[in-house]
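Undergrad: Submitted below is the structure of interest, expressed as structure tokens.
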Amino acid sequence: MRLIGLTGGIASGKSTVSAMFQQLGAPLLDADLIAREVVEPGTPALSEIAQRFPFAIDSGGRLDRKALGEEVFSRPEERAALNAIIHPRIRDAFAEKTRALAEGGAPLVIYDAALLFENGLDRTMDEVIVVYVPRAVQLQRLIARDGLTLEQAEARLASQLPLEEKVKKAGRVVDNSGDREATRAQVERIWQSLSASA
Ligand code: ADP
């Protein structure tokens, strides 16, 4: 089974491209969904988080991701502790879902992950696809989507590896600076090529 990473930068269009792959029938695992699943109520990861970060559990016993995010954002040690709880669970869940897809006969799986490079997961993929837009377009779409100021948008970008760097490391690039149809045409070409080589 071939593992194909799909990533981008914030608001570069990864979700848009991911939805296009899914519409084409591509087997796809979403890192963000898996990250939510592993901290559902009743999971070992949530109990460990509750011990270390009790304030991050809401009155319904669910994880308050915003409270937790704000706490660990500027505290590297706390962030590392959180990652040590969550990352192994994400890895295991990913491995299990990949195995299930392989057993079902899927020749490849696309792993949709915003922080693929930042988390070193690119090294575990057979190939990586990066969704690219120039910085000005990225800022403009981020501001429009999330209602941010330019300063806020620039701060979000600053916390990620620059898209240009990701493009240099990518085997395939989807240029999402045109309209959605131009992007869809590239996604279809990539899907055909992946399917043919799988
Ligand atoms: P990401 O998942 O990378 O953060 P999204 O797929 O949410 O990015 O796209 C960011 C924003 O840009 C969204 O509001 C989306 O609707 C818009 N968008 C995505 N692709 C295009 C495009 N080709 N043309 C115009 N707007 C786009």
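Undergrad: Amide H of residue 160 versus every other amide H placed in the peptide plane: which residues, excluding those fewer than 5 positions away on the same chain, fall under 5 Å?
TA: Close amide H contacts, sequence-distant or interchain: none at all.
Undergrad: Show me, for region 87-93, the HN-Hα J-couplings you get by feeding each phi into the Karplus relation (A = 6.51, B = -1.76, C = 1.60, θ = phi - 60°), rounded to Hz, glycine and proline as x.
TA: My calculation for region 87-93 gives 4, x, 5, 5, 4, 5, 4 Hz in order.
Undergrad: Between residue 51 and residue 91, how high is the FRET efficiency from 1/(1 + (r/R0)^6) when r is the Cβ-Cβ distance and R₀ = 22 Å? Nearest 0.05.
TA: Working: r = 21 Å, r/R0 = 0.96.
My answer for the efficiency is 0.55.
Undergrad: Short version: ³J(HN,Hα) in whole Hz for each residue of region 119-130, in order, from phi by Karplus 6.51 cos²θ - 1.76 cosθ + 1.60 (θ = phi - 60°), x for Gly and Pro, what are they?
TA: Calculated HN-Hα couplings, in order: 9, x, 6, 4, 5, 9, 9, 6, 8, 10, 10, 10 Hz.
Undergrad: Rounded to whole Å, give me the distance from the Cα center of region 131-166 to that of region 26-62.
TA: Cα centroid of region 131-166 versus Cα centroid of region 26-62: 27 Å apart.
Undergrad: At 0.36 nm per residue, and after removing the present C-alpha to C-alpha distance, how many nm does the segment from residue 158 to residue 1 gain when stretched out fully? Don't skip to the end; give the middle numbers.
TA: Numbers: separation 157, 0.36 × 157 = 56.52 nm, distance 3.48 nm.
Result for the pair: 53.0 nm of gain on full extension.
Undergrad: Residues of the chain: accessible area per residue at 1.4 Å, in Å²?
TA: Working: 10740 Å² over 198 residues.
Accessible surface, normalised per residue, equals 54 Å².
Undergrad: Would you work out the charge dipole size for region 11-63 about its Cα centre, treating the Cβ of every Lys and Arg as +1 and the Cβ of every Asp and Glu as -1, and quote it to the nearest 20 debye? Intermediate results must be reported in sequence, preceding the final value.
TA: Values: 4 positive and 6 negative charges, 20 e Å.
My answer is approximately 100 debye.
Undergrad: State, as an integer percentage, the relative contact order of region 1-117 based on alpha-carbon contacts under 8 Å between residues 6 or more apart. Don't jump to the answer; show the numbers that get you there.
TA: On the way: 119 pairs, mean separation 60.9, N = 117.
Value for region 1-117: 52 percent.
Undergrad: Here's something else I'd like to know. Which value, in debye to the nearest 20, describes the size of the charge dipole of the chain about its Cα centre when Lys and Arg Cβ atoms bear +1, Asp and Glu Cβ atoms bear -1, and nothing else is charged? Present the calculation step by step, with values, prior to reporting the outcome.
TA: Values: 25 positive and 28 negative charges, 62 e Å.
The dipole magnitude comes to about 300 debye.
Undergrad: Additional query: How much space per residue, in cubic angstrom, does the convex hull of the C-alpha atoms of region 17-128 take up? Walk me through the numbers before you get to the answer.
TA: Numbers: hull volume 14.3 nm³, N = 112.
Expressed per residue, the convex hull around the Cα atoms of region 17-128 is 127 Å³.
Undergrad: Please list, or write none, the lysines whose alpha carbon is within less than 29 Å of the alpha carbon of residue 66, excluding same-chain residues fewer than 8 places away.
TA: List returned: 14, 97, 166.
Undergrad: Report the rotationally averaged projected area of region 77-146 based on its alpha-carbon convex hull, in square nanometres. If you can, show how the numbers build up before the last one.
TA: Values: hull surface 27.8 nm².
With the hull built on Cα positions only, its mean projection is 6.9 nm².
Undergrad: Which residue, 144, 114, 19, tops the fluctuation ranking in a GNM of the chain built on C-alpha contacts under 10 Å?
TA: Evaluated over the chain, the most mobile residue of the options is 144.
Undergrad: Distance from a point 7 Å along Cα→Cβ of residue 188 to each backbone N in region 1-17: keep the residues under 16 Å and list them by number.
TA: Residues 17 fall inside that zone.
Undergrad: Also, I was wondering about something else. Once the dipole of the chain is set up with Lys and Arg at +1 and Asp and Glu at -1 on Cβ about the Cα centre, which of 116, 9, 174 lies farthest towards its positive end?
TA: The residue sitting most towards the positive pole is 174.
Undergrad: Could you list log10 I(q)/I(0) for the chain at q = 0.10, 0.12, 0.14 Å⁻¹, which the Debye formula gives when each Cα is one point scatterer?
TA: Cα-only, vacuum Debye calculation for the chain: -0.47, -0.68, -0.91.
Undergrad: Considering only protein heavy atoms and a 1.4 Å probe, what is the carbon-and-sulfur percentage of the accessible area of region 32-133?
TA: Details: 2940 of 5700 Å².
Carbon plus sulfur share of accessible area: 52 percent.
Undergrad: Can you give the Rg to Rh ratio of region 94-198, both from alpha-carbon atoms, with Rh computed by the Kirkwood formula?
TA: Working: Rg = 15.9 Å, Rh = 15.7 Å.
Taking Rg over the Kirkwood Rh, I get 1.01.
Undergrad: Read phi for every residue in region 143-152 and hand back ³J(HN,Hα) as whole Hz from Karplus 6.51 cos²θ - 1.76 cosθ + 1.60, θ = phi - 60°, with x for Gly and Pro.
TA: Per residue, the Karplus-derived 3J(HN,Hα) values read 4, 5, 6, 9, x, 9, 7, 4, 4, 5 Hz.
Undergrad: Now for a different question. State, as an integer percentage, the relative contact order of region 105-198 based on alpha-carbon contacts under 8 Å between residues 6 or more apart.
TA: Averaging sequence separation for qualifying contacts and normalising by length gives 35 percent for region 105-198.
The values are calculated or read from the model by the stated rules, or taken from the named source; none is laboratory data. Since we're looking at a predicted model, the values are computed, not measured. Positions of Cβ are generated from backbone atoms using ideal geometry, with glycine treated the same way; all protein chains shown enter the neighbour counts. Note: accessible area is taken over every heavy atom of the protein model, side chains too, but ligands, DNA and RNA are not part of it. Shrake-Rupley method; radii C 1.70, N 1.55, O 1.52, S 1.80 Å.
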